[in-house]
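The next block holds one structure in the form of structure tokens; read it before the comments.
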Number of protein chains: 2
Amino acid sequence: MGVVGGVGPQATAYFLDMVVRLTHAERDQDHLDMVVLNHARIPDRTAFILGASTENPGPVMAQDARRLERFGADFLVLPCNTAHHFTDEIAAAVDVPLVNIVEETVAEARRRVGDLRTLGVLATTGTARAEVYQRAAGAVGVDCVLPDEVDQAEVMRIIYEQVKAGLPADVAAFRGVVDRLRERGAQVVVLGCTELSVVAADHDLLAADRTLVDSLDVLARRTIERAGHRVRD
Amino acid sequence: MGVVGGVGPQATAYFLDMVVRLTHAERDQDHLDMVVLNHARIPDRTAFILGASTENPGPVMAQDARRLERFGADFLVLPCNTAHHFTDEIAAAVDVPLVNIVEETVAEARRRVGDLRTLGVLATTGTARAEVYQRAAGAVGVDCVLPDEVDQAEVMRIIYEQVKAGLPADVAAFRGVVDRLRERGAQVVVLGCTELSVVAADHDLLAADRTLVDSLDVLARRTIERAGHRVRD
């Protein structure tokens, strides 16, 4: 299987690590064969979606998908929620399937809470404006609540000025944003940006709280299963 | 650049993570473009070297190197010390350079101690028997000390029954083996198996002790520099 990665590089590294750690394996040869393209120079996704940049990352990721298909990947994953704005363009470029991180994450959120009506979404402003989660959730009758303007600026600071810059994340601020989504009715809160998955993994936020669903964790589990391997108990 | 990986999968994931974390970067686009082949099904290296298996991993890794070269990698690294027994075969298969983890690690050990005469080596029994470190160190006038039979069995338990099996490592046993190499004159102790690098990273053993040199950490730093990027201070 192939990983259309580099968006961002830290999230791609975490994704590979998650797949390895979550695979039921007793020796090297029990693991998945993977090819991971950590293509760091892909133009910024949010900047293009918001019109702050004219460099379109879509054709670059479509070409990366084709290169991975030629390398022999039998299915592809794209461990980035914002990049899923470009999913149709990437999927059209290849004959092998592209597992959709957003659809899989919404499906997992619905498994966590019996009658899911309201989903909280932490994501980049690009993902929010492109309505990536709103459309996937709306298609199955679920409403989304997103942070207000002040909280969204906080989320972007954590993603861009902290995680992508290789600096420690402000976990207290992160928890505050999550709490305020819950006050507004979110039954489940999705970490819909793989940089936030890095924060969750570094601070072990997921194990204790089943109403926090991490998109990167979900994608890792679905990748293992789709490759015909078993997820570690 | 390309990573001939999967030997083992956890070490490959750590290597990618190390390169990302150690790169001086303020945004995604400051990182290295990398293609990582996590080829888990490569036959066991130590089993072949010791004659316990007739499945030769050498031609498989040589083919992987060719595939990565065709993909566009301008240089290759192999984040596995035992696999370096097969370096000549792999290097001969491609036109691009293959950075040698063992030579780079010995060079780093010599930078750590002014007049290095005795180097302790923790590695798989395959790496030890193939004299991978003994030859690289001998070429620059440095002697190696390796664990005795009982301690070597302990090292192999940590590598195979703990790290490769996804279980917690016995850090106290690990420290005991290191201490006994020092008692026998080792001025610097090399972690010459990337599974031991996983133990060192998980338990933060390197920062406090400059006479412990981790081969995976060394390879990550040389990879960043060779790709024309800067190592984070």
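Observations on the structure shown:
- Point-to-point label distance, residue A:96-residue A:149, nm (Cα→Cβ direction, 7 Å offset): 4.5
- For chain A, the share of DSSP beta bridges that are antiparallel, to the nearest 5, is 5%.
- Axial C-alpha extent at least 27 Å, average Kyte-Doolittle at least -0.5 - helices from chain A (DSSP): none
- Exposure here means at most 16 other Cβ atoms within 10 Å; with GluC sites (Glu not before Pro) in a DSSP loop as sites, the longest stretch of chain B lacking them is B:132-233.
- Per residue of peptide B:37-44, the mean number of Cβ atoms on other chains within 10 Å of the residue Cβ is 6.
- Interface between chains A and B: roughly 3400 Å² of accessible area buried, both sides summed (probe 1.4 Å, protein heavy atoms only).
- Using C-alpha pairs under 8 Å with a sequence gap of at least 6, the mean separation divided by the residue count of chain B gives a relative contact order of 25 percent.
- Inter-site label distance for residue B:210 and residue A:233 at 7 Å from Cα along Cβ, in nm: 4.8
- Loop trypsin sites (Lys or Arg not before Pro), region B:135-203 (other Cβ atoms within 10 Å of the site Cβ: 16 or fewer; DSSP): B:184
- Exercise: per-residue mean of other protein chain Cβ atoms within 10 Å, B:10-19: 6
- The Cα center of region B:33-91 and the Cα center of region A:117-139 differ in position by 42 Å.
- Calculated P(r) of the protein assembly as shown - Cα pairs past 40 Å, %: 21
- Computed P(r) (all Cα pairs; region A:146-203; 5 Å bins; percent): 4, 19, 32, 26, 13, 4, 1
- Summed over qualifying helices (DSSP H, 4 residues or more, each -39500 (n - 2.57)) and divided by its residue number, chain B shows a 222 nm mean residue ellipticity of -13000 deg cm²/dmol.
- Pairwise FRET efficiency - residue A:135 versus residue B:225, Cβ, R0 = 51 Å, nearest 0.05: 0.70
- Average beta-carbon neighbours from other chains, 10 Å sphere, peptide A:62-73: 1
- Selected from B:137, B:13, B:207 as most flexible by GNM, with chain B as the system and alpha-carbon contacts under 10 Å: B:207
- Relative contact order for region A:96-180: 25 percent, from Cα pairs under 8 Å spaced at least 6 residues apart, divided by residue count.
- Estimated FRET transfer efficiency (residue A:180, residue B:26; beta-carbon r; R0 30 Å; 0.05): 0.55
- The contact residues of region A:163-179, meaning those that lose at least 10 Å² of 1.4 Å-probe accessible area when all protein chains sit together rather than their chain alone, are A:164, A:165, A:166.
- In the full protein context, region B:101-215 carries 43 Å² of accessible surface per residue, based on a 1.4 Å probe and ignoring ligands, DNA and RNA.
- Averaging the sequence gap over all C-alpha pairs within less than 8 Å and six or more residues apart, then dividing by the number of residues, gives region A:14-75 a relative contact order of 24 percent.
- Sorting A:14, A:160 on solvent-accessible area from highest to lowest, probe radius 1.4 Å, gives A:160, A:14.
- Using a 7 Å Cα-to-Cβ projection, residue B:176 label spacings across copies, nm, ascending: 4.9
- Accessible-area composition of region B:101-215, carbon plus sulfur, in percent [1.4 Å probe]: 47
- When chain B is turned onto chain A, its residue with the beta carbon nearest the axis, and that distance in whole angstrom, is B:36, 2.
The values are calculated or read from the model by the stated rules, or taken from the named source; none is laboratory data. Remember, predicted model here, so these are calculated numbers, not experimental data. Cβ coordinates were reconstructed from backbone atoms using ideal geometry, including for glycine residues, and neighbour counts include every protein chain displayed. Only protein heavy atoms, including side chains, enter the accessible area calculation; ligands, DNA and RNA are left aside. Shrake-Rupley method; radii C 1.70, N 1.55, O 1.52, S 1.80 Å.
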